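Structure first, commentary second.
Rule-based calculations on the coordinates, nothing more; no lab input. Just so it is clear, the model here is predicted, and its values are computed rather than measured. Note that we place each Cβ from the backbone using ideal geometry, even for glycine, and neighbour counts take in every protein chain shown.
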């Protein structure tokens, strides 16, 4: 199940040159919510100006990092640079396809895809 369906107060926070996803995540199927966080740089990279799940660490080569809540999920949006430090158009990745809530812990799903801005 997409993490946003079992989380409240989903937001981003810059921390230690990384981007952290924060939320109140539901535990099991109950009514209890706990603070949860996931360092997005541990599972998302900037691959020459495009978001990718093939590696890690995108924050240092990105600007205007924010979330966008759409009908099809929670999207990470940013202006990314290529390997020559040139600005590439705005990029996005649907976090709902890559992150899950596991009993109050936010975790990356195994595998990944490249996703351009929609």
Problem set entry | the range 77-92 residues near the modelled residue 60 label - backbone nitrogen below 15 Å, point 7 Å along Cα→Cβ | 81-85
Exercise. Taking neighbour Cβ counts within 10 Å as the exposure measure, how do 84, 12 sort from fewest upward?
Worked result: 84, 12
Exercise. Using only the Cα atoms, what convex hull volume per residue in Å³ does the range 3-107 have?
Worked result: 88
Exercise. With a 10 Å Cβ neighbour count serving as the proxy for reagent exposure, in which order, fewest first, do 18, 7 appear?
Worked result: 18, 7
Problem set entry | residue 87 paired with residue 5, simple spin-label distance in nm, labels 7 Å along Cα-to-beta-carbon | 3.8
Exercise. Among 71, 35, what is the fewest-to-most ranking by other Cβ atoms within 10 Å?
Worked result: 71, 35
